[in-house]
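Reading through the structure tokens given below for one structure.
Here, each number is a calculation from the coordinates, and none is a lab measurement. Computed from a prediction, not measured in an experiment: that's the story for all the values here. Here Cβ is always computed from backbone atoms with ideal geometry, including for glycine, and neighbour counts include all displayed protein chains.
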Amino acid sequence: MSTHGTDNTSRQVTLGVACAAALCLLATGCSGRTGGTGGEASPSARPSPTSASALAPLHGTYSPKIDPSNFVRVVDNPYWPLPAGNGYHFKGVRGTTPQTDDEIVLHRTKQIGGVTSTVVRDTVSEHGHAVERTFDYYAQDKQGNVWYMGEDSLELKNGHMARASDSWLTGINGAKPGIIMPAAPQPGEAYRQEYYPPGEALDQARVLRFDKHDTVPYGTYSHVLVTSERSPLEPQTEQKYYASGVGELAERVVKGHHEAFKLVRVTH
């Protein structure tokens, strides 16, 4: 706006106020963006999350509150994004045997307890042949927490895939969901990931820290989330590593048998 000319003072003041208001509106509309892309929602539009420790506590009577109206159809937590059609491909070793692990987000959903859940097919293979196949079911609440709603797990027995005892679905035979990824992970936060005592599915997790960077075959990432996972029924503990916008980068057993996997590619 021009500033010279003394005979239009009142008009200049009016224009100045209008410009300031326009700039204020512009700043308000842009300040909530994340990642620099115009299509992402403002964090202010999402309710402040309750801690995962409170939503899925490790101690006391476990009775998580699942309200279908509090869930969204898309899983887009930055540390656990599940766009339909995406594939996450890992290579690693279990014991001394090389394995691959291919996780594919299917173009279908499953209704579990009234909640629309995303279906992920997870196939572990040895020497090009599947030895485990699991259909995992995930759903995200409006606060951004990703809930683990159940799994249909198959394992190779006598040359055929058979349903494993630790398969479970929320609401069946006492099975209850847990949180697979908090909306806003904080170091020290601990939470249940699943709860199905009859099938001995009792995994739980704890947020350890954020590393400055980590490198896997797929790339190098900063501000990497590190969690620890274990079951009170098993003697082993594993650590997992996650990058915002990608998801899981790697996992390795730090107590127990030798097992480690790293992300080698992502397909769309």
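Among Lys262, Lys255, which comes first, then next, by fewest other beta-carbon atoms within 10 Å?
Lys255, Lys262
Shape of the stretch 159-203 from its Cα gyration tensor (a ≥ b ≥ c, root eigenvalues): rounded if a/c is under 1.5, otherwise prolate when a/b > b/c, or oblate?
The shape class here is prolate.
Which values, in whole Å and largest first, are the semi-axes of the equivalent ellipsoid of the stretch 63-267 obtained as the square root of 5 times each eigenvalue of the Cα gyration tensor?
Semi-axes from the Cα gyration tensor: 23, 22, 18 Å.
For the stretch 143-158, what does the Karplus curve 6.51 cos²θ - 1.76 cosθ + 1.60, with θ = phi - 60°, yield as ³J(HN,Hα) per residue in whole Hz, taken in order and with x for Gly and Pro?
7, x, 6, 9, 9, 8, 9, x, 7, 10, 10, 10, 9, 6, 9, 6
Calculate the all-directions average of the projected area of the stretch 139-188's alpha-carbon convex hull, and give it in nm².
So the mean shadow area of the Cα hull is 5.1 nm².
By the gyration tensor of its Cα atoms, with a ≥ b ≥ c the square roots of the eigenvalues, what is the shape of the stretch 125-244: rounded for a/c under 1.5, prolate for a/b over b/c, or oblate?
In terms of gyration-tensor shape, oblate.
Given contacts defined as C-alpha pairs under 8 Å and at least six residues apart, what's the relative contact order of the stretch 63-267, whole-number percent?
Reported relative contact order: 19 percent.
Going by average Cβ neighbours within 10 Å, how do the peptides 55-61, 177-183 rank, with the highest at the top?
The packing order, highest mean first, is 177-183, 55-61.
Taking the Cα centre of the stretch 82-154 as origin and charging only Cβ (+1 Lys, Arg; -1 Asp, Glu), how large is the dipole, in debye to the nearest 20?
It comes to approximately 180 debye.
Taking a ≥ b ≥ c as the square roots of the Cα gyration tensor eigenvalues, with a/c under 1.5 meaning rounded and otherwise prolate when a/b beats b/c, else oblate, which class fits the stretch 51-95?
The shape class here is oblate.
What size of dipole, in debye to the nearest 20, comes out for the stretch 63-267 about its Cα centre when the only charges are +1 on Lys and Arg C-beta atoms and -1 on Asp and Glu C-beta atoms?
With Lys and Arg at +1 and Asp and Glu at -1, about 240 debye.
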